[in-house]
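The values are calculated or read from the model by the stated rules, or taken from the named source; none is laboratory data. Predicted, not measured: the structure shown is a model, and the values here were computed from it. Cβ sites come from the backbone with ideal geometry, for glycine too, and all protein chains shown count toward neighbours. When the accessible area is computed, the model is the full protein with side chains, heavy atoms only, and any ligands, DNA or RNA have been set aside. Shrake-Rupley method; radii C 1.70, N 1.55, O 1.52, S 1.80 Å.
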Amino acid sequence: DTMERAVHAASLVKAEYVKEESDTDFENAKADEKKLKKPGEYKRGDTDAYKKGEVSIEEEYTIPSETHNPMELHATIAAWDGDDKLTVYDKSQGPKGTQRELAQCFGLDEKNVRVVVEYVGGAFGSGLRSWPHVPAAVIAAKKVKRPVKLIVTREQMFTTVGYRPHAWQKIGISAGKDGKLTGITHHAVSITSRYEDFGEGIVNVSQFLYDCPNVNTSYRLLPLDVNTPTWMRGPGPATGCFALESALDELSYKLNIDPIELRVINHAVLHPVSKLPWSTKFLKECYVLGKEKIGWQNRPTVPGSVTEDGMLVGYGMAGGVFGAGRGQASAKGILKADGTLTLQSAVSDMGPGTSTAMVTMGAQFMELPANKISFELGDTDLPNGPTQGGSGTTSAIGTAINVVCTALKQTLKEMAIANVPAFANLKPEALKYEQGIISVTENVSINISYTDILKAANKPEIEVVKDSGRATAEAQKYAMNSFSVHFVKLHVHPVTGVIKLKQIVSAADAGKIISENTARSQMVGGAVGGIGMALTEEVNIDNRYGRYTNANFGDYHVPVNADAPPMDVVFVNKADIIISPTGAKGIGEIALVGVAPAIANAVYNATGKRIRNLPITPDKLI
Ligand code: MOS
């Protein structure tokens, strides 16, 4: 009944186990082809065309496992009501998903499992599924017949809630002297556990980010005696773009073509795999906006040739991409006679500012001041919301809110006709809704506010529940992605190899920006995650014992304020209404994808040293 007693009691538990051989050595195991699982292959045109290319490179890139480690620890409170009703307060990006998993796990009716999670103190993907501590808390609550609170320790955050998997990649890439790509070959191997296969789209970016006639890719999983990895911000492309965008940079020096120019030369107008046009693609605009802001004209064309205050100066850039689309979500709207509108959906908010964005859109769709609108979230008793992830929350729930607001306006028209004499015998089509007022389109002097309609109908409130629906058939005719381009200026100390970031500019084509402040904040946060990936973050494993040696914040280095330079965010801010009526495409992942290679490319520009295994710590530069 106290934390101290619980910790002491746990220390008294004696575990008996049988020692078995373990294998956590990636390099060693990867060499054995028989250990690799789940072959995934893709090919168009000729295989390994880069080998015959005019100008080519072939290089290997690795990233270590990185942990999400948000400031807030994972934690669960479980409370049983009798044998068949369960309430769980949890750190989860998907209340509905956790509800489903627990219902299955304990053989309960879904409606008897309530999961509550409103605001999450960071998750970055670690809350996209339930981990073993969640059912453990539920089992314990059943055993002790009382509510149980379980907080994962910081050390356990390294071993129980997933991580971005350690990955090896090899890229062969070639171009003609004019810079036109002629071949890309991209192979990847990433680790998974013995008991679950976790894979992500690491090599996919090479298939579609640039126009190239000959592309072949392969992806394999390597099971080791480790816990299961999971999605971590920008899953797939974050790893894949490190290799592809580094390789393109290497190629640009060999071709003597500016790296931005090289990307423009190979800009894909149609999606190279599906051959479909993009719903919207303002990638070229990102190059222009970012290049201007970082001062790209000051970039040394010869690496290591410019110093400022005794420090080597480098500029780098790299692109990021992630899938966009419209997931399914439901929302409820409650319009009250007191003039307020409450919107509800069972989503949680892990920091991007989902509530702010939903209120902003509610205000826009209902043409009401934002201070009249509230958004309620984070409870499985609310209408079905999506798991917050994959940069899809705003377009999914925003669409549901759009449909809800349209229905509310229609209901108001019908109520005016039924209850207000001046509107009697009119058809809803003859009325219009503007800024909370229903009027007769042909004669706007006949009008009434929505609060007066509710009063006339003697109703304290009206409510509707609506679903976003799937993307339209029209949407099937398009490829859909968000794009980003990150620009970096940095200093490297010529003797110690210490890197000091001077400026980061992130330019993004994320569709319409719904909430400027929170969108900017999301981009900045993603870029800081990218700094960690590039320069500091790495779990170290002692292969003799299969244990992490740095499972704490003293030894596992996440970037802090002092590591973050002045950061600028520029949005193209053009609506994509093919994806959804919100116009939004999604920001969360492209905020991080491409940052690490942009930094690695800037380090090369400053020093002439190409670091292909992250993180780029000073010892690798001296
Ligand atoms: Mo994100 S990895 O979809 O939480």
Exercise for the section: Just reorder Met3, Met157 by solvent-accessible area, largest first, 1.4 Å probe, all chains present. Expected result: Met3, Met157
Problem - Neighbour-limited loop hits for GluC sites (Glu not before Pro), the stretch 140-200 (at most 12 other Cβ within 10 Å; DSSP other than H, G, I, E, B) - result: Glu196
Completion exercise
Probe 1.4 Å, heavy atoms of protein chains only: per residue, the accessible area of the chain in Å² is 42
Exercise for the section: Could you tell me the largest-minus-smallest coordinate of the C-alpha atoms of the stretch 232-276 on each of the three principal axes, in descending order and whole angstroms? Expected result: 33, 28, 12
Practice task
Name the residue farthest towards the positive end of the dipole of the stretch 438-592 from the options Pro494, Thr549, Ile462, assuming +1 on Cβ of Lys and Arg, -1 on Cβ of Asp and Glu, about the Cα centre.
Solution key: Pro494
Practice task
Give the ranking of Lys96, Lys35, Lys177 by solvent-accessible surface, highest area first, calculated with a 1.4 Å probe.
Solution key: Lys177, Lys35, Lys96
Completion exercise
A 1.4 Å probe over the protein heavy atoms gives the chain a carbon and sulfur accessible-area percentage of 51
Problem - Rg(Cα) / (2.2 N^0.38 Å) computed for the chain, rounded to two decimals - result: 1.06
Problem - Debye, to nearest 20: dipole size of the chain, +1 on Lys, Arg Cβ, -1 on Asp, Glu Cβ - result: 600
Handout entry: Over the chain: helical MRE at 222 nm, DSSP H runs n ≥ 4 each giving -39500 (n - 2.57), nearest 500
Key = -8000 deg cm²/dmol
Problem - Lys, Arg +1 and Asp, Glu -1 on Cβ, resulting dipole of the stretch 90-175 about Cα centre, debye, nearest 20 - result: 200
Problem - Nearest-ten-degree value, helix 237-255 long axis tilted from longest Cα axis of the chain - result: 50
Handout entry: Heavy-atom accessible area order for Ile504, Ile514, largest first, 1.4 Å probe
Key = Ile514, Ile504
Exercise for the section: Quick one: accessible surface of Met232, probe radius 1.4 Å, all protein chains present, in square angstrom to the nearest 10. Expected result: 20
Exercise for the section: Anything over 31 Å Cα to Cα? Flag those among Lys291/Lys585; Lys34/Lys96; Lys293/Lys332, in the order listed. Expected result: Lys34/Lys96; Lys293/Lys332
Handout entry: Over the stretch 46-184, relative contact order from alpha-carbon pairs under 8 Å, at least 6 apart, %
Key = 42
Fill in the blank from the handout: Debye calc, one equal point scatterer per Cα of the stretch 466-598, no solvent, log10 I(q)/I(0) at q = 0.12, 0.13, 0.16 1/Å comes to -0.61, -0.68, -0.87
Completion exercise
Measuring from the longest principal axis of the C-alpha atoms of the chain, the long axis of helix 393-419 (C-alpha) lies at a number of degrees, nearest 10, equal to 10
Fill in the blank from the handout: To the nearest 20 debye, the stretch 476-579 has a Cα-centred charge dipole, built from +1 on Lys and Arg Cβ and -1 on Asp and Glu Cβ, of 200
Completion exercise
For Glu155 and Asn613, extending 7 Å from Cα along the Cα-Cβ vector and measuring point to point gives, in nm, a value of 2.8
Practice task
Please calculate the 1.4 Å probe accessible area of Tyr548, with all protein chains present, and give it to the nearest 10 Å².
Solution key: 40
Problem - For the stretch 219-224, 3J(HN,Hα) per residue [Karplus equation, 6.51 cos²θ - 1.76 cosθ + 1.60, θ = phi - 60°, Hz, x = Gly/Pro] - result: 9, 10, 10, 10, x, 10
Problem - Angle between the chain longest axis and helix 516-531 axis [Cα atoms, degrees, rounded to 10] - result: 20
Completion exercise
SASA check, Lys38, accessible area w/ 1.4 Å probe, all protein chains in place, rounded to nearest 10 Å², comes out at 130
Exercise for the section: Per residue of the stretch 182-194, in order, report the coupling 6.51 cos²θ - 1.76 cosθ + 1.60 (Karplus, θ = phi - 60°) as ³J(HN,Hα) in whole Hz, putting x for Gly and Pro. Expected result: 10, x, 10, 10, 9, 10, 9, 10, 10, 7, 9, 8, 6
